[in-house]
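Written out below as structure tokens is the structure these notes cover.
The values are calculated or read from the model by the stated rules, or taken from the named source; none is laboratory data. What you see is a predicted model; the values in this text were computed from it and never measured. Cβ: placed from backbone, ideal geometry, glycine included. Neighbour counts: every protein chain shown.
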Amino acid sequence: MNPRTCSALRVAALCLLLALLSTTVPSSAGAQENPIIPGPPAPLKLPGLQHFELGNGLRVVLMENHKVPLVEMEMIVRGGSVLDPAGKTGLATMTAEMLEEGAGTRNSLQYADAVDFLGASVSAYASMHSSGVSMFTPLSKLDSSVALFADVVLHPAFPEQELERLRNERLTSLLQAHDQPRAIAAAAFNAALYGTSHPYGVTSIGDESSIRGIRIEDVRGFHARVYTPRNATVIVVGDIGIEQARGVLERHFTTWSGDRPDFPDLATAPQVASREVILVDKPGAAQSEIRIGRIGTDRLTPDYYPLLVMNTILGGSFSSRLNQNLREKNGYSYGAGSGFDLRLAAGPFRAAAAVQTDVTDKALVEFLKELDGIGELVSDEELDRARNYLALLYPSNFESISSAAGQIAELVVYGLPDDLFNTYVDRVLAVTKEDVQRVARKYIDTRSISIIVVGDREKVGKSVSALGLGTIRMMSIDDVLGPAPTPGVGQ
Amino acid sequence: MRSLIRWLLPVLLSFPAALSSQLSLSYEKYTLPNGLQVMLHEDHSLPLVSVNTYYHVGSGHEKPGRTGFAHLFEHLMFEGSANVPEGKFDEWLEAAGGNNNGSTNSDRTNYYQDAPSNALELAIFLEADRMGGLLATMTPATVDGQRDVVKNERRQSYENRPYGMADITISEKLFPPEHPYHWPTIGSMADLSAASYEDVVEFFRTYYAPNNASVVIAGDINPAKTRELVAKWFGPIAEGKPVPPIDPPVAFLSSEQRSIMEDKVQLPRLYMCWLTPAAFKPGDAEMDLLAGVLTGGKNSRLYKRLVYELQIAQDVSAGQGSQALGSYFEIEATAKAGHTLAEIEKVIQEEIDKLKTTPPEARELARTVNGFESSFLARLQGVGGFGGKADILNNYYTRTGNPDYLNEDFSRYIAISPVDITAAVQQYLRDDGRVVLSVVPEGKPELASPGKAGAK
């Protein structure tokens with residue numbers, strides 16, 4: 001139920017990357033100075049994290065927030081789509097979806113009814129390196145909600161007929177992806193960087209053959225191996241203290257048992273070898289979806305803070321160079337931006353925008369200009385702006401319990417120290433221009449980069465080829481996503 | 001132009017006895033001599049503030065031939081003003097650690113600036129400078145620049161998006177040509193091309209005056225000090241002329257209007273729409289609950305039958321699009337491969353007919369109302385952004401005249417009984433007054449729903 005208002009936003013969130021931004025302001029208006037210089041920011045004091053462990057090895061981390069009578073919990077286990085076996089891509093995400101299809105004494109509909117009636121929500125997910133279940137409840141329904149939350153983690157029913165239903169839905173989603181320029185661009189980009197035999201190079205819902213191949217035994221096996229208390233952490237945020245949290249979790253999670261599994265290391269993917277352009281034909285498209293990038297780095301890199309600042313200047317805020325150039329200066333796009341996906345292993349760096357069809361070639365030139373330009377020393381003004389932008393709104397990540405839980409989840413998944421929250425601001429503010437230049441040169445090299453354009457080949461093919469950027473590969477949507485599946489047909 | 005979802009859930013809730021004391025936002029409100037409405041709300045939990053501004057003008061105030069103008073104008077509000085050179089609005093705010101956005105719908109245009117509390121005066125100054133001095137830096141070139149951006153917004157959000165043109169067509173069929181909801185907020189490409197610098201000047205002078213605006217400042221503020229800053233920066237702005245009221249014709253559907261649209265899509269999608277009561281008028285809340293009964297959660301009537309049991313639809317959703325001059329209720333469903341929209345419409349019609357004769361179970365309403373309760377509470381956590389407390393206060397003020405309308409809003413849902421739903425379905429979801437649109441893959445009109453005349 002999404003009652004919708006007719007709203008047009010000034011800036012919409014562009015996929016993950018996002019924010020767009022910056023720079024180069026023509027200073028013809030004279031060097032007019034900002035007349036209001038703010039004083040020093042108020043100190044940030046966040047509630048500390050509290051830790052305890054249940055007898056079965058389940059770790060718990062709590063952040064109290066007593067503003068409204070709500071509680072958010074998130075159970076996270078190590079292990080996600082990177083564990084999908086060969087030929088069974090999509091197993092981790094399917095296992096997560098199946099958790100909601102009946103648990104304990106309730107079938108799928110009964111379970112949903114019970115959760116909805118409490119005004120709670122329970123939702124499971126799998127990402128690349130972790131899987132989890134989130135639960136959100138009014139404090140007044142805490143015990144009943146945690147009982148339902150524990151049921152999906154400990155006692156999922158995994159009914160076979162629900163797997164068939166979800167399989168059909170998933171094949172239909174794959175079919176619909178053929179309509180969606182962004183989905184096509186994402187799939188082409190990931191495959192170009194990592195190849196389709198690396199987990200980062202494939203779509204986490206799977207392809208037609210792997211979706212058809214997942215059996216209920218696969219789901220049960222993945223759950224038994226990965227969802228164990230010694231492999232899990234429960235995050236608790238909200239209007240609740242440590243004794244109440246311990247009590248309710250002990251009541252519902254103590255019978256859970258299992259050991260911490262060992263996982264194989266992820267193969268290292270080779271960097272993009274040269275500059276390559278992949279043009280995916282979408283006849284009649286009003287815009288070209290552009291993705292430009294290469295393999296970046298991992299979340300535990302010592303370059304983390306310089307990378308944040310560098311990306312903010314390049315394409316991480318409204319006033320960033322890419323957005324200022326592609327949107328404000330040239331009007332080619334509604335918004336352009338860039339971002340690093342920082343994971344346990346090196347994830348992609350990407351710059352992105354949807355640009356109007358007839359300026360696709362010009363937009364590519366501007367993209368490359370900015371990607372090269374960020375390797376030069378940035379100005380003091382840009383550096384200060386980016387550092388402050390990252391540091392001073394940081395407290396807003398802790399306004400809602402769901403958002404705070406997300407921040408804590410990052411600590412859990414990457415094994416980061418609790419003091420990150422209280423050192424983040426200082427570390428961002430300590431980044432120098434030289435740091436920014438160093439990481440820009442280290443991670444952004446337009447000589448080895450993949451350029452994806454999803455657009456109308458008849459209209460853009462010639463002018464893009466004429467740029468002479470590198471080898472050009474022409475692809476169809478079916479080349480990228482596979483032939484459109486025919487759900488409901490076949491096995 | 002119903003495009004981006006701004007309010008995930010209308011405000012609501014349940015368990016009134018337990019909650020009523022919390023469903024409230026404290027505020028102080030006053031009016032500047034120039035007519036600007038000002039509201040202040042304190043929340044010292046984090047060192048953050050939000051300056052949230054509503055201008056009481058939207059695409060509903062536009063004229064045919066100049067559609068999309070209110071939204072184009074919203075973009076121009078970030079392009080500089082008397083003491084803020086072009087580009088500096090964002091640069092100065094970001095340099096202080098702040099963030100901002102704006103949005104336009106048929107009824108109003110809103111802006112927020114979220115910032116660390118030490119940057120409160122900067123945010124107030126930036127907002128006031130463009131309210132008082134936008135035209136000082138505006139040039140035809142600035143207008144051209146944002147015209148291109150907005151055209152790309154239209155391409156990205158409508159033309160290049162699967163099923164993206166459906167909502168535009170539906171509005172045209174629901175509302176007569178002279179009605180201001182007939183055209184989309186994003187506007188037509190032709191009208192965007194025609195917008196002139198002179199239009200900008202006239203629009204600003206007519207609508208962007210302090211007497212047609214309201215500002216909420218919320219967060220880690222000192223109210224007395226904040227009043228001084230408001231007086232200092234907003235006080236000198238001259239009051240504008242009274243804003244001309246709009247007088248739209250009545251929208252009424254005297255028959256069923258069916259149409260087919262082809263699009264570059266794999267699967268056909270059905271849209272069924274009815275005209276319904278305006279926001280906060282009797283009947284509006286019933287439509288919100290009806291949406292929950294029909295498509296909220298796995299046990300809702302249409303989801304359960306179409307998606308879960310029969311598995312002939314990939315998705316189904318329903319919602320009340322509440323607007324000031326009149327709302328619409330919409331059901332949309334996408335057929336699975338190998339299924340037609342006629343099959344889907346038949347099931348939807350059966351469920352509507354059932355509700356016309358038999359009230360829903362109390363539990364069906366409770367599931368929806370209880371979910372509203374939680375999401376309503378969740379929205380009381382943050383100060384800024386779209387949907388934060390500053391925005392909630394300004395939105396309620398704009399729509400109802402009462403910034404703290406939480407409890408009244410909540411009470412509407414609690415008061416609704418199953419028979420009220422049946423009465424509302426009978427009254428508003430009429431078979432002989434609705435718009436039914438089939439969007440089908442190119443070259444496959446046979447997948448459209450022909451309606452009763454053509455049904456098997």
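When B:Glu121 is tested against the conditions (1) under 26 Å from A:Asn330 (Cα atoms); (2) outside any loop (DSSP other than H, G, I, E, B), the lone failure is (1). Exactly one residue out of B:Ser50, B:Ser14 is in contact with a helix residue (DSSP H, G or I) (Cβ under 7 Å, 6 or more places away or on another chain), modelled with pLDDT of 95 or more, surrounded by 22 or more Cβ atoms within 10 Å (Cβ to Cβ) and among the small types (Gly, Ala, Ser): that is B:Ser50. Counting the residues of the range A:264-305 that are surrounded by fewer than 17 Cβ atoms within 10 Å (Cβ to Cβ) and within 14 Å of chain B (Cβ to nearest Cβ) gives 2.
Where helices (runs of 4 or more DSSP H) sit wholly within the range A:47-159, those with at least 2 residues that are in contact (Cβ under 8 Å) with a residue 60 or more places away in the chain and surrounded by 20 or more Cβ atoms within 10 Å (Cβ to Cβ) occupy A:91-99, A:142-154.
Selection of the range B:301-327 for residues being touching a residue at least 40 places away in the same chain (Cβ under 8 Å) and either touching a helix residue (DSSP H, G or I) at 6+ places or on another chain (Cβ under 7 Å) or more than 7 Å from chain A (Cβ to nearest Cβ) (or both) yields B:Arg301, B:Leu302, B:Arg305, B:Leu306, B:Gln314, B:Gln320, B:Ser322, B:Gln323, B:Ala324, B:Leu325, B:Gly326, B:Ser327. The set of residues in the range A:395-442 that are in contact (Cβ under 8 Å) with a residue 60 or more places away in the chain, under 30 Å from B:Ala390 (Cα atoms) and among the β-branched types (Val, Ile, Thr) comprises A:Ile401, A:Ile408, A:Val425, A:Val428.
One line per residue, one yes/no per condition, for (1) more than 14 Å from chain A (Cβ to nearest Cβ); (2) closer than 28 Å to B:Tyr163 by Cβ:
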residue: B:Gly240; (1), (2): yes, no
residue: B:Pro249; (1), (2): yes, no
residue: B:Ser255; (1), (2): yes, yes
residue: B:Met261; (1), (2): yes, yes
residue: B:Cys273; (1), (2): no, yes
residue: B:Gly297; (1), (2): no, yes
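Quick one: would you say A:Val431 is of a type in the set (A, V, I, L, M, F, W, C) and either in a loop (DSSP other than H, G, I, E, B) or over 26 Å from A:Leu279 (Cα atoms) (or both)? Against the criterion (of a type in the set (A, V, I, L, M, F, W, C) and either in a loop (DSSP other than H, G, I, E, B) or over 26 Å from A:Leu279 (Cα atoms) (or both)), A:Val431 qualifies.
Residues are listed down the side, and each one gets a yes or a no for (1) surrounded by 21 or more Cβ atoms within 10 Å (Cβ to Cβ); (2) among the charged types (D, E, K, R); (3) out of contact with any Asp or Glu (no Cβ under 9 Å at 6 or more places or on another chain):
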site	(1), (2), (3)
B:Ala415	no, no, yes
B:Gly433	no, no, no
B:Glu442	no, yes, no
B:Ser449	yes, no, no
B:Lys452	no, yes, no
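The requirement of being within 30 Å of A:Leu266 (Cβ to Cβ), of a type outside the set (D, E, K, R) and modelled with pLDDT under 50 is satisfied by A:Leu14. The residues on offer are A:Thr446, A:Thr423, A:Thr360, and the sole one that is more than 20 Å from the chain's Cα centre (by Cα) and outside any helix (DSSP H, G or I) is A:Thr446.
Table: residues versus (1) of a type in the set (S, T, N, Q); (2) touching a Lys or Arg at 6+ places or on another chain (Cβ under 9 Å); (3) under 30 Å from A:Val425 (Cα atoms); (4) more than 7 Å from chain A (Cβ to nearest Cβ).
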position	(1), (2), (3), (4)
B:Asp90	no, no, yes, no
B:Leu93	no, no, yes, yes
B:Asn100	yes, yes, yes, yes
B:Thr109	yes, no, no, yes
B:Thr139	yes, no, no, yes
B:Val143	no, no, no, yes
B:Arg147	no, no, no, yes
B:Ser157	yes, no, no, yes
B:Gly164	no, no, no, yes
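In a residue-by-residue description of the range A:165-175, the property of being under 25 Å from A:Met98 (Cβ atoms), away from every other protein chain (no Cβ under 14 Å) and acidic (Asp, Glu) applies to no position. The residue pairs whose first member lies in the range A:383-394 and is at the interface with chain B (Cβ under 7 Å from one of its Cβ atoms) and farther than 9 Å from A:Leu429 by Cα, whose second member is part of a helix (DSSP H, G or I) and modelled with pLDDT of 95 or more, and whose beta carbons are closer than 7 Å, counting only pairs six or more residues apart or on different chains, are A:Arg385/B:Glu91; A:Arg385/B:Glu94; A:Arg385/B:Ala95; A:Tyr389/A:Thr312; A:Tyr389/B:Glu94.
Mind listing whichever residues of the range B:55-106 are in a helix (DSSP H, G or I), in contact (Cβ under 8 Å) with a residue 40 or more places away in the chain and of a type outside the set (S, T, N, Q)? Scanning the range B:55-106 gives B:Gly60, B:His61, B:Phe69, B:Ala70, B:His71, B:Leu72, B:Phe73, B:His75, B:Leu76, B:Phe89. For B:Asp129, the stated conditions do not hold, so it cannot be described as without any contact (Cβ under 8 Å) to a residue 24 or more places away in the chain, out of contact with any Pro (no Cβ under 9 Å at 6 or more places or on another chain) and of a type outside the set (A, V, I, L, M). The residues of the range B:352-368 that are more than 8 Å from every other protein chain (Cβ to nearest Cβ) and not polar (S, T, N, Q), listed by number, are B:Ile352, B:Asp353, B:Lys354, B:Leu355, B:Lys356, B:Pro359, B:Pro360, B:Glu361, B:Ala362, B:Glu364, B:Leu365. Of the candidates A:Leu99, A:Leu58, A:Leu62, the single residue that is within 25 Å of A:Phe158 (Cα to Cα), modelled with pLDDT of 95 or more, under 24 Å from the mean Cα position of the chain (by Cα) and more than 8 Å from every other protein chain (Cβ to nearest Cβ) is A:Leu99.
Cβ-Cβ distances below 9 Å connect the following pairs, each with a first residue in the range B:244-259 that is within 16 Å of B:Gln427 (Cβ to Cβ), a second residue that is in a loop (DSSP other than H, G, I, E, B) and of a type in the set (A, V, I, L, M, F, W, C), and a separation of six or more residues or different chains: B:Ala251/B:Phe175; B:Ala251/B:Leu325. Would you please name the residue that is nearest to the other protein chains (Cβ to nearest Cβ), looking only at residues in the range A:447-491 that are of a type in the set (Ser, Thr, Tyr), more than 12 Å from A:Lys282 (Cβ to Cβ) and surrounded by fewer than 20 Cβ atoms within 10 Å (Cβ to Cβ)? Out of the qualifying residues, it is A:Thr486. Against the condition buried (at least 18 other Cβ atoms within 10 Å of the Cβ), farther than 26 Å from B:Pro441 by Cα and within 12 Å of chain A (Cβ to nearest Cβ), how does B:Asp284 come out, does it pass? Answer is yes for this residue. Residues in the range A:125-145 that are away from every other protein chain (no Cβ under 14 Å) and farther than 20 Å from B:Ala366 by Cα: 9 in all.
The single condition among (1) buried (at least 19 other Cβ atoms within 10 Å of the Cβ); (2) within 14 Å of another protein chain (Cβ to nearest Cβ); (3) of a type outside the set (S, T, N, Q); (4) in a helix (DSSP H, G or I) that A:Val412 does not satisfy is (2).
The sole residue among B:Ser157, B:Ser81, B:Ser117 that is hydroxyl-bearing (Ser, Thr, Tyr), touching a Ser or Thr at 6+ places or on another chain (Cβ under 9 Å) and more than 30 Å from A:Pro283 (Cβ to Cβ) is B:Ser81. Scanning the range B:203-211 for residues that are without any contact (Cβ under 8 Å) to a residue 24 or more places away in the chain, assigned to a loop (DSSP other than H, G, I, E, B) and at negative phi turns up nothing.
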